[in-house]
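The values are calculated or read from the model by the stated rules, or taken from the named source; none is laboratory data. Here the structure is a predicted model, which is why all the values come from computation and not from measurement. As a convention, Cβ positions derive from the backbone with ideal geometry for all residues, glycine included, and neighbour counts pool all protein chains shown.
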Amino acid sequence: MKPTARLFQCALCHAQAIICSKCDHGQIYCSDSCSALARQQSLRAAGKRYQATVNGKRNHAARQARYEMKVKTNMTHQGSPSVYQCVSMQQLENYAKKPENDHEKVLLICCYCHQPVSSWLRRDFLQRRSNKKTFQLQANPQAP
């Protein structure tokens, strides 16, 4: 029996992705590259917020002054940019495979482990069961 899967939309590239229940740990990105790119954007935004503060401005000015003192003796003019040749793109034709019969089944695979999954897809996370026993507090009628 194939494992169940969750269908979700990547929070960065908005592509639809399928992830099996074995690999599903609450991911919101379709791949590691989208995750790394989102992390990079988050760090850049945090840096901008920090540099907008008084301490951030002060530290940035001190770092820039140290940098200018270091490279002041090594200043030279920039060279000319190299000339790139334009390469014309050939028009590519799309030769999509047409299914031989209309009732051909589609094979769904997990974006992370690349294993086939069930054609039944969830749209929400799995609810994990807790091993903790639940109990209900009861009012003690003899309490003061």
Hey, any hits in region 8-23 for a residue that's touching a strand residue (DSSP E or B) at 6+ places or on another chain (Cβ under 6 Å) and over 17 Å from R123 (Cβ atoms)?
-> no
Out of curiosity, is K70 part of a helix (DSSP H, G or I), at pLDDT 85 or above and not hydrophobic (A, V, I, L, M, F, W, C)?
-> no
Over region 20-37, the set of residues in a loop (DSSP other than H, G, I, E, B) and at negative phi is S21, K22, C23, D24, H25, Q27, I28, Y29, C30, S31
Any chance region 90-104 includes a residue that's aromatic (F, W, Y) and modelled with pLDDT of 85 or more?
-> no
State all residues of region 1-24 that are in contact with a Pro (Cβ under 7 Å, 6 or more places away or on another chain) and either modelled with pLDDT of 90 or more or basic (K, R) (or both); if no residue qualifies, say none.
-> K2, K22
Listed residues Q27, Q40; which is within 14 Å of the chain's Cα centre (by Cα), modelled with pLDDT under 90 and polar (S, T, N, Q)?
-> Q27
